[in-house]
Amino acid sequence: MHALIAHWDILKQDLRYAARTLTRARGFALTAIVVTALGIGANTAAFSVADFVLLRPLPFPAADRLVRVCEGPRQAGGWGCMNQLSPANYRDLKGMSRSFAAMGAFAGDAVNLVGGGEPRRLPIAPVTAEVLPLLGVAPALGRVFASGTDDASAAVLGYGLWQSQFGGSPAVLGEKITLNGTPYTVIGVMPRGFYFPNRDVQLWTLLTLREQDFANRTNSFLEAVGRLDDGVTFERARTELSTLAERLGRDYPDTNAETGVSVFLMRDNMSPRARTMLLTLTGASLCLLLLTCANLANLLLARAAAHARELAVRAALGAGRRRLVQQLITQSVVITTIGGAAGLLVAVMTVPLFSTLVPQTLPVASQPGLDLRILTLAAAFTALTALGFGVFPALRAGRAGFSALRDGSRAGGGAKQRVRSILVAVEVTMSVVLLITAGLLIRAVWRVQAVDPGFAPQRVLTMRTALPRPKYDSPLRRAQFYDRVLIGVRALPGVESAAFTSGLPMLVTGLITSVEIPGQVARSARAAGVSHRWVTPQYFRSLGIPLRRGRDIGEADTRDRAWVAVVSQSFVDRYWPGQDPLGKTFGHGGATRTVVGVVGDIRVRGLERTSEPQMYLPAQQIADGRPAVFDPKDLVVRHAGQGDTLVAAIREIVRAADPEQPISGVRSMDDVLAGETAARRTQLQVLGVLAAVAVLLAGVGIYGLLAYTVSQRSREIAVRLALGADPARVRRLILTDGMRLAALGIVPGVLGGYAAARGMSALLFGIAPGDPATFAAAVGLTLAMALAGTVVPAIRAARVTPMAVLRAE
């Protein structure tokens, strides 16, 4: 007990000593704490997100045995679903495969929900009866779909929808809801945290495939999920499905000759760009951790050099090495503890920014929590650095004895100076790597933003009014709804034009079909892909798509008139190069259409993807029985600049046309276009913050080293000045040392930056990994930072007063 009390008294003394010491050196303490906080906080946030996406198992039992299957351009590969499965191909693959304990299919859809609260437009996932059971998550209430039961009109709710729309009432089981005008009965509620196929879907219905769905193998709208059977490896399953895809290609050459199968683990359902960005973030965070440790080590070495005489005096007066070490350990622990606590706050504030990089395609929550394992690891690296470089001076002090008193201000040179120089060079290297990667992303963002979308997004308001089937199964009834809404909207003050379309560019990237050109050899269904939209009159004017030749779709283009189409310039270039396309005909959907106009090409699939040729068909000339996905559903309104004031009035017009019709997706086309670069801007913000911190830390490192050098070489500088040296020459001497340090770090930094750029080439949108302008800017900024960190020590060196220094010695 007495020993414990004695140790406690010693600890209190050491804590008081550490507090007094750090209070006297506020600049050192504050800098060390800030550096520690930035390193621990940024790394904890970055690695928490990377671990959440890339390493942590999905929230399903035995999630490593869940795979996704869809069609793709390459056999037995692909990062994700490049193309969806046709029901016929799905049936054959499921029936012939022996690698799966269970396999099911699902599709994407959206419905108008009436029931519970206000009518809402919701994304849903129609699934076959196998899907939810094979995922292995039991419902929180009720049950899921089961084979052999009459669940065609049943619905399963997600936990979030249950809470928001039905107040979390257990009585929801058996309650009737209306989806697109059809009554459904709620049979179950999935637990909190369950998402499938992505985090947006909170409603599931039973997908029933009809015999006519299997008639056309190019009718692709399914994706499949399977659970591997016991003892079956992922590679074996992928090889088997690849073999089966080749067999289908031989059996059905007209439709499957170019069709492969893409098989991947469910947790890998993300684009190469998303994965590359997360890996880039991880690498940048490692760079920052190295910078943090190097800067902290430099700070501690500088402080040790400044206090070398004090330690030597205490050692000479009898202070034991153990006692000195214990006190310096206490100082290091205090710094890392305060810095770690501040780093935790930094991580909490940074995780939301980094979480925007979590791919939307994964069935996980949008924001991970802080990973305490990573927080502990980052804190441990920093603490080891602080302890190692903080205790080392005490170990030297006991050996140095009176030599440290005799050497005076010259203490701390030699090997220690070289170590500090190496650490600063490492800091410069890391900052150059981060500047190059951030600079390349900046160039890529500029390049993407400079892409012409092919339409004029300014002053265009959009909203979705998807009409439910079977309520609007008749094309005539849909046309009546469009007419009532458009007449009312076009009469509003400030509205210049308005139209409906079956899909906005960049938001609806599918709707790809094939056409038949008279006199030309039919291409394969995939090679002849054409993007098509069903539109009402004024669509081109509303969206600002230029009309090159001919005319727009008009009110007279009805079902009882000749069926027509407006095509894009790329459509003409593909099928009738050098010819007049007006009056040309082509086949589509069993009907012959005549080209009446040519418009400019637009970026349907996004700013970074090349779009197929486009064709636009009159909304009134849609054939009976076409799926609801082809119905015009997006309202496009060009206005004089008062878009926000129009929303309420348009809602009233829609409500007057149909009181049960919800409106969703209200946004401007400027916002749609901004969404195309939103992910890149987030990437840039993340890397930009890390690069800015890196440059700042490197500048602090150079400044600290040179300031220390000047203080250690004060006698030498004083002698030079006393013997007549020019102060300008002294300044050049210090500036040269600073630039030499920068050069030592820049060369490996450029090499490392080029290697990093090659690894992230998927993010660069055509910018070369060795882009000279970016590298020159990064090197120039680094040199400017080094110069800024050198100027003040150089000026101080030139102002050394020889008599004052020699008197002090």
Exercise for the section: Return the long-range amide H neighbours of Val530 (sequence gap of 5 or more, or a different chain), with a cut-off of under 5 Å between placed amide H atoms. Expected result: Thr513, Ser514
Exercise for the section: Could you run the Karplus curve 6.51 cos²θ - 1.76 cosθ + 1.60 with θ = phi - 60° over region 587-604 and give me ³J(HN,Hα) per residue in whole Hz, x for Gly and Pro? Expected result: x, 7, x, x, 10, 9, 10, 10, 6, 10, x, 10, 10, x, 6, 10, 8, 6
Exercise for the section: Find which of Gly643, Ala678, Gln661 sits farthest along the positive direction of the dipole of region 638-692, computed with +1 on the beta-carbon of Lys and Arg, -1 on that of Asp and Glu, about the Cα centre. Expected result: Ala678
Exercise for the section: Enumerate the amide H contacts of Ala140 below 5 Å, restricted to partners 5 or more residues apart or on another chain; note that Pro and chain-start residues carry no placed amide H. Expected result: Val189, Met190
Problem - Tyr472, Tyr184, reordered so the largest accessible area comes first (probe 1.4 Å) - result: Tyr184, Tyr472
Handout entry: Rounded FRET efficiency, nearest 0.05, which uses the C-beta distance separating Arg192 from Glu555 and R0 of 41 Å
Key = 0.20
Practice task
Using a 10 Å cut-off on Cβ atoms, rank the peptides 247-258, 28-39, 457-468 from the highest mean neighbour count down.
Solution key: 28-39, 457-468, 247-258
Problem - Cα-derived Rg to Rh of region 154-198, Kirkwood definition - result: 0.96
Practice task
Would you check the accessible area of His639, probe 1.4 Å, heavy atoms only, in square angstrom rounded to 10?
Solution key: 20 Å²
Exercise for the section: Using a 1.4 angstrom probe on heavy atoms only, work out the carbon and sulfur share of the accessible area of region 534-652 in %. Expected result: 49 percent
Exercise for the section: Would you kindly find the accessible area of Leu206, with a 1.4 Å probe and non-protein molecules such as ligands, DNA and RNA excluded, rounding to the nearest 10 Å²? Expected result: 30 Å²
Problem - Calculated FRET efficiency for the pair Glu211/Thr610, C-beta based, R₀ 41 Å, to 0.05 - result: 0.65
Handout entry: Accessible area of region 77-216 divided out per residue, in Å², using a probe of 1.4 angstrom
Key = 40 Å²
Completion exercise
Expressed in nanometres to one decimal, the distance between label points 7 Å along Cα→Cβ at Leu787 and Ile517 is 5.9 nm
Problem - Gain on full stretching of the segment that runs from Val137 to Asp251 - 0.36 nm per residue minus C-alpha separation - result: 37.3 nm
Problem - Test item: Cα-centred dipole of region 97-236, Lys/Arg +1 and Asp/Glu -1 on Cβ, debye - result: 200 debye
Exercise for the section: Roll a 1.4 angstrom probe over the protein heavy atoms and tell me the percent of accessible area of region 190-238 that is carbon or sulfur. Expected result: 43 percent
Exercise for the section: Could you list which residues have their amide H under 5 Å from that of Arg121, counting only those 5 or more apart in sequence or on another chain, with H placed in the peptide plane? Expected result: Leu113
Fill in the blank from the handout: With no solvent term and unit scatterers on the alpha-carbon positions of region 214-294, Debye gives log₁₀ I(q)/I(0) at q = 0.25 Å⁻¹ of -1.19
Exercise for the section: Can you pull the one-decimal nm distance between simple spin-label points at Asp624 and Leu547, each 7 Å off the Cα toward Cβ? Expected result: 3.2 nm
Practice task
Roll a 1.4 Å probe over the protein heavy atoms and report the accessible area of Arg681 in Å², nearest 10.
Solution key: 80 Å²
Problem - Residues of region 625-678: accessible area per residue with a 1.4 Å probe, Å² - result: 44 Å²
Fill in the blank from the handout: Here, Ala101 and Leu345, labelled 7 Å along Cα→Cβ, have an inter-label distance in nm of 4.9 nm
Handout entry: All-pairs Cα distance distribution in region 260-301, expressed in whole percent, bin size 10 Å
Key = 24, 29, 20, 16, 9, 3, 0
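The values are calculated or read from the model by the stated rules, or taken from the named source; none is laboratory data. Remember, predicted model here, so these are calculated numbers, not experimental data. Note: ideal-geometry Cβ built from the backbone for every residue, glycine included; neighbour counts use all protein chains shown. Heavy atoms of the whole protein, side chains included, go into the accessibility calculation; ligands, DNA and RNA do not. Shrake-Rupley method; radii C 1.70, N 1.55, O 1.52, S 1.80 Å.
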